[in-house]
């Protein structure tokens, strides 16, 4: 099941207190970026974030879920109605997010 644009809009509105939130549509789902770093995504109308230590600390009863079959587990954010919590979560996670992988240059033969 693909995620709805309404749910994406709701999550983006909840995060509107932060600068640098962007997203990319990917096969019916949405990858979320914070200051150009992948922080998580919206999968089947669920907000899932990368399992970094600061996120785990902020969500002591965290649930791990798969965004899609064959993917690594991510953390389910079940308190999406709490704008302050969401913004705090993204801010605390930022320093722990993995740097983007550099693309290998393609050789022209």
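Each reported figure results from applying straightforward, stated rules to the coordinates on display, with no laboratory input. Nothing here was measured: the structure is a model prediction, and the numbers come from that model.
Under 1.5 on a/c is rounded, so check that first for segment 35-82, then, if it is not, pick prolate when a/b is larger than b/c and oblate when it is not; a ≥ b ≥ c are the square roots of the alpha carbon gyration tensor eigenvalues. Walk me through the numbers on the way to the answer.
On the way: a/c = 1.29, a/b = 1.21, b/c = 1.07.
Rounded.
What does the C-alpha gyration tensor say about the overall shape of segment 1-46? Classify as rounded when a/c is under 1.5, otherwise prolate if a/b is larger than b/c, or oblate.
Working: a/c = 2.52, a/b = 1.41, b/c = 1.78.
Oblate shape, in that a/c is at least 1.5 and b/c is the bigger or equal ratio.
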**Q.** Length-normalised contact order of segment 13-78 in % [C-alpha pairs under 8 Å, at least 6 apart]
**A.** 21 percent
Q) Working out 0.36 nm times the residue gap between residue 4 and residue 88, then minus their Cα-Cα distance, what length gain in nm do you get to one decimal? A) 27.8 nm
Q) Is segment 28-109 best put as rounded, prolate or oblate by its Cα gyration tensor, with a ≥ b ≥ c the root eigenvalues, rounded for a/c under 1.5, and otherwise prolate when a/b is larger than b/c, oblate when not? A) prolate
